[in-house]
């Protein structure tokens, strides 16, 4: 509490009570009657995110929880061991349904990207290196998995993990071929491009980082992973986390995505790359490569099986979403062709 008091003193605040919400977040009830969110920075903190956020503000973006300066006009304060920053505490009380809350978050994400969008010169040499490296990596992963399955099929008895790996191979290979085709198509598109679009991405967009004030206005918080990148990166990160769970088929996930598209639609090449990256079954490949070594004693057969099954669930959740988006995009193209 003494260290906390020293930190708050730098903001000319005195705590009546402090409540630890997580290991990095403390809710401070100040003697003034106001409440504050005191956030401890990670050891590998991105101290530049304040400058990134300031740049977004200068471009007209204001949908974020403000960060207060201390009495030395600095955004970060140290207790001698850790670094902190402080924000107003938002009530975050709303009666919204889960679906509407996600839609509002995606609208705000689109607004952030729209306000900060800028063109950047495309380096064709770097593009070719990226394409060649990724294509080779995906082809090698598929060939390695295929070789492992062939070796398993020669055995009289398969371990539970080997049986699961063989069972999942066909679907994984099919998804890889789909993703590779999209990657090739994207690369052909990009050969004709001179510029690419960059935006400020949040880096950890989720409804847990989208909070409401007392008036019901939503704001993003936790910009510690913010940076400039492709607009597809926020959605890729969001959906990879969202689908990393038990099997489910939820059309709302596509609705959220197209809520974003209404404000800041992806360009054709961005949509192509988004589908390509999301469709590639990376979760399955990682688990197969991790546990295919017979001498691997790092996990039991049960744990290996559980890891592989969970990665397969993630893959199938993503597949449902990818097919939904792909069908919508194909229908849009068909409608556009028929109207011309």
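Selection of the range 94-106 for residues being outside any helix (DSSP H, G or I) and touching a strand residue (DSSP E or B) at 6+ places or on another chain (Cβ under 7 Å) yields only 94.
Residues are listed down the side, and each one gets a yes or a no for (1) surrounded by 14 or more Cβ atoms within 10 Å (Cβ to Cβ); (2) out of contact with any helix residue (DSSP H, G or I) (no Cβ under 8 Å at 6 or more places or on another chain); (3) free of Cβ contacts under 8 Å to residues at least 12 places away in the same chain:
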{"site": "40", "(1), (2), (3)": "yes, yes, no"}
{"site": "49", "(1), (2), (3)": "yes, yes, no"}
{"site": "90", "(1), (2), (3)": "yes, yes, no"}
{"site": "114", "(1), (2), (3)": "yes, no, no"}
{"site": "121", "(1), (2), (3)": "no, yes, no"}
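For residue 277, the criteria (1) at pLDDT 95 or above; (2) farther than 20 Å from residue 230 by Cα hold in every case but one, which is (2). If you check residue 161 against the conditions, is it surrounded by 13 or more Cβ atoms within 10 Å (Cβ to Cβ), at pLDDT 95 or above and either farther than 30 Å from residue 252 by Cβ or touching a helix residue (DSSP H, G or I) at 6+ places or on another chain (Cβ under 8 Å) (or both)? So residue 161 fails the test. Name the residue that is surrounded by the most Cβ atoms within 10 Å (Cβ to Cβ), counting only residues in the range 180-203 that are over 18 Å from residue 117 (Cβ atoms) and out of contact with any helix residue (DSSP H, G or I) (no Cβ under 7 Å at 6 or more places or on another chain). Once the filter is applied, the top-ranked residue is 184.
Screening the range 208-314 for strands (runs of 3 or more DSSP E) wholly inside it with 3 or more residues that are within 30 Å of residue 122 (Cβ to Cβ) returns the ranges 227-229. Restricting attention to the range 125-155, the residues that are touching a helix residue (DSSP H, G or I) at 6+ places or on another chain (Cβ under 7 Å) and within 28 Å of residue 269 (Cβ to Cβ) add up to 7. Working only within the range 300-319, note down all residues that are within 11 Å of residue 278 (Cα to Cα) and surrounded by fewer than 17 Cβ atoms within 10 Å (Cβ to Cβ). Scanning the range 300-319 gives no hits.
Can residue 109 be described as assigned to a strand (DSSP E or B) and buried (at least 16 other Cβ atoms within 10 Å of the Cβ)? Here the answer is no, as residue 109 does not meet what is asked.
Residues in the range 5-19 that are over 16 Å from residue 75 (Cβ atoms), surrounded by fewer than 16 Cβ atoms within 10 Å (Cβ to Cβ) and in contact (Cβ under 8 Å) with a residue 12 or more places away in the chain: 6, 14, 16, 17.
Taking only the range 41-78 into account, find how many residues are assigned to a strand (DSSP E or B) and closer than 18 Å to residue 211 by Cβ. Result for the range 41-78: 1. Scanning the range 231-281 for residues that are surrounded by 19 or more Cβ atoms within 10 Å (Cβ to Cβ) and within 22 Å of residue 167 (Cα to Cα) yields 243, 278, 279, 280, 281.
The values are calculated or read from the model by the stated rules, or taken from the named source; none is laboratory data. Owing to the predicted nature of the structure, the values given are computational and were not obtained by experimental measurement. Glycine gets a Cβ as well: all are built from the backbone with ideal geometry, and neighbour counts include every protein chain shown.
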